[in-house]
Protein chains: 2
Amino acid sequence: MFEEGIRRKALYGDDNVYDFSLGNPIIEPPSEFKLILSQLANDTGSGRHAYMPNAGYAETRQAVADYLTRHNQRRFSSSDIVMTVGAGGALNVILKTILDPNDEVIIPSPYFVEYNFYLENHQGVPMIVGTRSDFSLDLNAIDEAFTEKTKAVLINSPNNPTGKVYSEEELRELGRLLNEQSQRFGRPVYLISDEPYRKIVYDGIEVPSIFNIYKESFVATSFSKDLSLPGERIGYAAVNPDILEKDLIVDGMVLSNRILGYVNAPALMQRAIIGLLDVSVEVSLYQKKRDMLCAGLTSLGYQYVKPQGAFYLFPKSPIEDDVEFVSALKEENVLTVPGSGFGCPGHFRIAYCVPDSVIERSMTGFGKAIKRYV
Amino acid sequence: MFEEGIRRKALYGDDNVYDFSLGNPIIEPPSEFKLILSQLANDTGSGRHAYMPNAGYAETRQAVADYLTRHNQRRFSSSDIVMTVGAGGALNVILKTILDPNDEVIIPSPYFVEYNFYLENHQGVPMIVGTRSDFSLDLNAIDEAFTEKTKAVLINSPNNPTGKVYSEEELRELGRLLNEQSQRFGRPVYLISDEPYRKIVYDGIEVPSIFNIYKESFVATSFSKDLSLPGERIGYAAVNPDILEKDLIVDGMVLSNRILGYVNAPALMQRAIIGLLDVSVEVSLYQKKRDMLCAGLTSLGYQYVKPQGAFYLFPKSPIEDDVEFVSALKEENVLTVPGSGFGCPGHFRIAYCVPDSVIERSMTGFGKAIKRYV
């Protein structure tokens, strides 16, 4: 994807390619980050880049625990936190810990394309279930997907690629269902919530915490989106303080962090985020982009569910074949990703974490592409 | 290991615990690193912490390729390099790329304990073969370990835990053997060389390059030891420019880097190392530690092969049961690791990347422990 954008920009000029194909935040990290980074770079203490325990610095884990305690109805301790190489690292650490070969994980579609790979890394099997037309959870479909091999349900809210935020109500329903299934099987069925977009939400919405809703739960997250640091690979996995066999699970996560070859989350970034847990990029800038894009696409006749968070829009493809439509857009130098890649054909993803001017100038291309078919 | 050291230091005082259990460099990163880090922290350019292509920044890959071209009889290009989350990341990326389930990898013992896990991550099978009494390669043993499932041989030179550096001559023998076996099976058998200690060698010795010796080869390495940055997780995987099906292999490595959840090597450190490829910590400081330790242990009656590189000494345990002897040392607050953990019972590992004073003051404990048995 990266390479296609680079290739086209070399060919047609930077200003004539509208690259919506990547979730690479355009907004710079907040000034607080830059200040802390500068301070850390000039820190003359010793061992600042050495190994630390595989779970991370004690101070960093404690700071994350305190943050989670402030934002949840649970008391977290540092031992509930494992610092990881981004949310990708966190998910792999969690999956390595809980999965036996051929265990199944239920995933609502559309879903982040890497989940299939992450499961395959640990010999897990994805069980993809659809969502409703507004991308909310289809709890009947989830219920029906359970088998004796089901180890977990993996959700992503705010969602990539739809921007959907699951409501407190539907998460409580999901929690009830998971409790029932755990009782049925006499062992916990886990809920894993992938939440790197938690702070990027619009119109005053809040993302409910699964920690308040379901005991056997994990959160995987990163500072990639809310601090615009995706290249630095800093994130964490948190367990519900009340999860069963917590010591065993956290020990497994720490070991997994080590033996998967991550070893630990990058040292400098672990120090940096201690003071940045309540900081984020200016979310209103993304909201403005969403609104510009939505207004433009509506006037051109595109249909979509308005995103509540993240920086993705997932419109219907005007024709059934989303791959063909994405090709048509590409001919206009508008780069997007087919919904098929997210387990949801008939749609396509627009990552609108781009300069406002790209959104504005892309409208001609979006217009030409849709006019070919309608 | 980390935790045991922390626990004992809390109990007995920092100065009364002699922790030789971890390969965590004591020497600070070179001043050149600190200068560059400070410059990068104050860089006001945009997108400095954003995603880049999964293989790494083009400039970083090119700088590594140029460095390898300077130090080998091969011409490397940026596309021969994949930047990784340390050497652990590099090894997992290489193994994920080349291994099918149940493929075997021949590993001379003693070996770095993580190799077993790294193979298991990708459903590979370790075939452990002994080395000779001076820890040089036992080429007959390697030859006999080949089966139709053998996909690679994995070596580590300078070696953890022995400090052995394989000679040009034995590597050439190994290359001949690998060529024979590749011909026998009609497909390449790969040589993977794990080389994070390449620059940490003593007495003017040089580590021969496998790139000059065997075509179907990979190097995994990091800046963890030569720049003392293990906590920052920055390293790379390099393929031999002449490897068969290079494009397919490198594409596989880049994909593996992404889907194993690493995504990319940390951005800031990728930028930092561009100007640091010919820099390293002051190796003579480690040589001094080796010499102090060797002199002390010799006078106490310990037997060992003198290390040529890295910062490990792997003496014979005075009694057969190395786990028991390591316990005896622990009672003197001297923390080491049993050879059994490296597939080589009857020995134990001393990581001497510690302050000189720790080596000096530990001699009483080393003396008391051996006196119990001899």
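The values are calculated or read from the model by the stated rules, or taken from the named source; none is laboratory data. Note that this is a predicted model, so its numbers are computed, not measured. Because the Cβ atoms are built from the backbone with ideal geometry, glycine has one as well, and the counts that use them run over all protein chains shown. Surface areas here come from the heavy atoms of the whole protein model, side chains and all, with no ligands, DNA or RNA. Shrake-Rupley method; radii C 1.70, N 1.55, O 1.52, S 1.80 Å.
Determine which member of the set B:Leu277, B:Leu300, B:Leu268, B:Leu285 is over 21 Å from B:Arg198 (Cα atoms), more than 10 Å from chain A (Cβ to nearest Cβ) and of a type in the set (A, V, I, L, M, F, W, C).
Among B:Leu277, B:Leu300, B:Leu268, B:Leu285, only B:Leu300 is over 21 Å from B:Arg198 (Cα atoms), more than 10 Å from chain A (Cβ to nearest Cβ) and of a type in the set (A, V, I, L, M, F, W, C).
Given the structure, is B:Tyr166 over 14 Å from B:Leu137 (Cα atoms) and buried (at least 17 other Cβ atoms within 10 Å of the Cβ)?
No: the conditions fail for B:Tyr166.
Please identify the pairs in which a residue from region A:353-374 that is more than 20 Å from A:Ser228 (Cα to Cα) has its Cβ atom under 6 Å from the Cβ atom of a residue that is open to solvent by 10 Å² or more (accessible area, probe 1.4 Å) and of a type in the set (Asp, Glu), counting only partners at least 6 apart or on another chain.
A:Gly365/A:Glu332; A:Lys368/A:Glu332; A:Ala369/A:Glu332
Which condition number in (1) touching a residue at least 24 places away in the same chain (Cβ under 8 Å); (2) more than 13 Å from chain A (Cβ to nearest Cβ); (3) farther than 16 Å from B:Val279 by Cα is the one that B:Leu11 fails?
(1)
Go through region B:84-105 and report how many residues are within 11 Å of chain A (Cβ to nearest Cβ) and closer than 13 Å to B:Leu191 by Cα.
Number satisfying all stated conditions: 3.
Of the residues B:Gly343, B:Gly365, only one is out of contact with any Asp or Glu (no Cβ under 9 Å at 6 or more places or on another chain) and farther than 24 Å from B:Gly204 by Cα; which?
From the options B:Gly343, B:Gly365, the qualifying one is B:Gly343.
So A:Ile81 ticks every box in (1) more than 14 Å from chain B (Cβ to nearest Cβ); (2) hydrophobic (A, V, I, L, M, F, W, C); (3) within 26 Å of A:Gly339 (Cβ to Cβ) but one. Which box is left unticked?
The single condition A:Ile81 does not satisfy is (3).
Would you be able to tell me the number of residues in region B:36-52 that are under 17 Å from B:Ile273 (Cβ atoms), facing chain A (nearest Cβ under 7 Å) and not hydrophobic (A, V, I, L, M, F, W, C)?
Qualifying residue count for the region: 2.
Tell me, which residue of region A:126-150 that is part of a strand (DSSP E or B) and touching a helix residue (DSSP H, G or I) at 6+ places or on another chain (Cβ under 6 Å) is nearest to the other protein chains (Cβ to nearest Cβ)?
Looking at the filtered set, the residue picked out is A:Pro126.
Counting only residues that are over 21 Å from A:Asn160 (Cα atoms) and crowded, with 17+ Cβ neighbours inside 10 Å, how many does region A:174-189 have?
The number of residues fulfilling the criteria is 7.
Pairs needed: first member in region B:201-213, free of Cβ contacts under 8 Å to residues at least 12 places away in the same chain; second member anywhere, surrounded by 20 or more Cβ atoms within 10 Å (Cβ to Cβ); C-beta distance under 9 Å; at least 6 residues apart or different chains.
B:Glu206/B:Val165
Among the residues of region A:194-244, write down those that are of a type in the set (Val, Ile, Thr) and within 14 Å of chain B (Cβ to nearest Cβ).
A:Thr221, A:Ile234
Out of all the residues in region B:5-31, which are surrounded by 14 or more Cβ atoms within 10 Å (Cβ to Cβ) and not in a loop (DSSP other than H, G, I, E, B)?
B:Gly5, B:Ile6, B:Arg8, B:Lys9, B:Tyr18, B:Asp19
Can you confirm whether region B:231-251 contains a residue that is open to solvent by 10 Å² or more (accessible area, probe 1.4 Å), touching a residue at least 40 places away in the same chain (Cβ under 8 Å), under 26 Å from B:Gln73 (Cβ atoms) and within 16 Å of the chain's Cα centre (by Cα)?
There is at least one residue in region B:231-251 that is open to solvent by 10 Å² or more (accessible area, probe 1.4 Å), touching a residue at least 40 places away in the same chain (Cβ under 8 Å), under 26 Å from B:Gln73 (Cβ atoms) and within 16 Å of the chain's Cα centre (by Cα).
Kindly evaluate B:Leu248 against the criterion of being over 14 Å from B:Gly56 (Cα atoms), more than 10 Å from every other protein chain (Cβ to nearest Cβ) and not in a strand (DSSP E or B).
In short, yes.
Checking B:Ser327 against (1) farther than 30 Å from A:Asp194 by Cβ; (2) among the polar types (S, T, N, Q); (3) in contact (Cβ under 8 Å) with a residue 24 or more places away in the chain: exactly one of these is not met. Which one?
(3)
Keeping to region B:77-88, report how many residues are in contact (Cβ under 8 Å) with a residue 40 or more places away in the chain and within 17 Å of B:Asp251 (Cβ to Cβ).
Residues that pass the stated criteria total 7.
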